[in-house]
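Let me begin by presenting the structure, written as structure tokens, before commenting on it.
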Amino acid sequence: MENELDTLKNIFSHSSENVFIMNYEFEILWHNKTELLNFFSGTTFKELLGKENRILESGEYFFTYNGLEFSGRIINYKEQQLYVLQMSGDDVMYASIKSGAVREFFINQAAQVRQAVTGISFAANMLRKTLDEAGIHDREKLLDITAGNCYKLLKSVLNTTELIRYTEDTSEAVKIDLTDALSEFTEICRRILKGQIDIVLKAAPELYIKADTERLTACLLSLTVLTGRHNPGCSVIMLDAERVGDNVSVTASAKREGEKTVKKVFSEFERLYENETADSDLFVVCRFCRRFGGTVFIADAPETGGKIYSLKFPSCNDSGGTTKFSSSVRSYHENKFSKYHIALSDIAEIY
């Protein structure tokens, strides 16, 4: 068997893909890249691929890790009782939008949605003006419903557009004071949510990470939305940031305190598929972590019956200055179609 294993090593040692050679018990005998042992930290290929407790035939297999679906091609060398697993480093969703044709398709779809929302918003503003002039104020709530559903249309393409930005490779990793960034982020969220859901921050001082500021904003928004959506009925979302050894940890959890004050203006969207592998907000969080050296941990929350999300990043100890977490455009809470408004419309009534 050693000779056969050596032959396979020679064949796959220069592959551009990630290659694992395993026995029928899914124990890793060889891998072609040094960093691969941490590729799926915290789990094993037996847990990911061996659930059916059978010998796998050669072919393509899909498996889920931390809410993301991955694809791998297995070659079964039956005489040697060996598996060769070949896979890219990307989940299937991200891998698909790396295709130019797929990426352009989604960009066009997003542009059509934004153009339609612009037209709807313009018409709604004209109608509101007409109703005000006529003194018909009891019908203006219908325009609030229109505005709220415009947010939901924009939310449907927000995360796809965010993932596409990673394929363009324009992000710039800079030193960020995460303590200040989280403070500003939670303040903006509070202004927009207006007490519907409270955002509570507990952050240790001088926490530094290396990331892109705009991508960090999108990640934190998706993290907040994930926490609110997967902890039904929560009235408080808590963000806890601390230093853990050489790492910085950010944990998002929820709890119920008093009555949730979300005003129901229009019907809540009932998702056809609630599983994690169809959750675009989780895609955004995981992609941010993969790009900037972070790790995602997901745990059950017994208090709410929902989920707790924790992100861990290497602490940035560069001696240089930090980049301020801010926007060059209108203040987020004043721009009614900012990414904050669009994202938070998934867990509160924004109109």
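Between T170 and E27, 0.36 nm times their residue separation minus their Cα-Cα distance comes to what?
47.6 nm
Over segment 58-135, average the accessible area per residue using a 1.4 Å probe and give it in Å², no decimals.
57
Students often check this: by mean Cβ neighbours within 10 Å, which of 181-187, 214-220, 109-115 ranks highest, and how do the rest follow?
Going by the mean number of other Cβ atoms within 10 Å, highest first, we get 214-220, 181-187, 109-115.
Starting from the Cα of Q112, step 7 Å along the direction of its Cβ; do the same at V200; then give the gap between the two resulting points in nm.
Modelled inter-label distance: 4.5 nm.
Under the definition of Cα pairs under 8 Å and six or more residues apart, what whole-number percent is the relative contact order of segment 55-119?
21
Note down the magnitude of the dipole of the chain about its Cα centre, charges +1 on Lys and Arg C-beta and -1 on Asp and Glu C-beta and zero elsewhere, to the nearest 20 debye.
Charge dipole of the chain: 1080 debye, to the nearest 20.
Give me the percent of accessible area attributable to carbon and sulfur for the chain, probe 1.4 angstrom.
Of the solvent-accessible surface of the chain, carbon and sulfur hold 50 percent.
Could you rank K336, K255 by how accessible they are, 1.4 Å probe, largest area first?
These residues rank, largest area first, as K336, K255.
Which residues does the label zone of H14 cover in segment 72-106, counting backbone N under 18 Å from a point 7 Å along Cα→Cβ?
Hits in segment 72-106 for H14 at 18 Å: none.
Connecting C-alpha atoms closer than 10 Å in a GNM of the chain, tell me which of D318, D279, D198 has the biggest fluctuation.
D318
List the pairs from K202/K339; K46/K312; K141/K336; K255/K307; K307/K336 whose alpha-carbon separation is above 21 Å, in the order I gave them.
Flagged as over cut-off: K202/K339; K46/K312; K307/K336.
With an 8 Å cut-off on Cα pairs and a minimum separation of 6 or more residues, tell me the relative contact order of segment 35-180 in percent.
15
Of [x] 25.7; [y] 22.7; [z] 21.8, which one was derived for Kirkwood radius over Cα pairs in Å from the structure shown?
[y]
Taking the inverse of the average 1/r across all pairs of different Cα atoms in segment 62-169, what Kirkwood radius in Å do you get?
One decimal place: 17.8 Å for the Kirkwood radius.
If R0 is 35 Å, what FRET efficiency do you get for V244 and A278 from their C-beta distance, rounded to 0.05?
That pair, V244 with A278, gives E of 0.70.
Below 8 Å, C-alpha to C-alpha, sequence gap of six or more: please give me the relative contact order for the chain in percent.
Value for the chain: 16 percent.
Keeping all protein chains in the complex and leaving out DNA, RNA and ligands, what accessible area do you get for K155 with a 1.4 Å probe, in Å² to the nearest 10?
About 20 Å², ignoring ligands and nucleic acids.
Relative to the longest principal axis of the C-alpha atoms of the chain, give the angle of the C-alpha long axis of helix 213-229, reported between 0 and 90° and rounded to the nearest 10°.
That helix lies at roughly 80 degrees to the long axis.
Roughly speaking, what is the stretch gain from T34 to I55, that is 0.36 nm per residue apart minus the C-alpha to C-alpha distance, in nm to one decimal?
4.8 nm
Please give the charge dipole size of segment 1-93, origin at the Cα centre, charges +1 on K and R Cβ atoms and -1 on D and E Cβ atoms. Round to the nearest 20 debye.
40
The values are calculated or read from the model by the stated rules, or taken from the named source; none is laboratory data. Keep in mind the model is a prediction, meaning the values are calculated, not measured. Ideal geometry is used to build each Cβ from the backbone, glycine not excepted, and the neighbour counts take in all protein chains shown. For the accessible areas, the whole protein counts, side chains as well, though only heavy atoms, and no ligand, DNA or RNA atoms are used. Shrake-Rupley method; radii C 1.70, N 1.55, O 1.52, S 1.80 Å.
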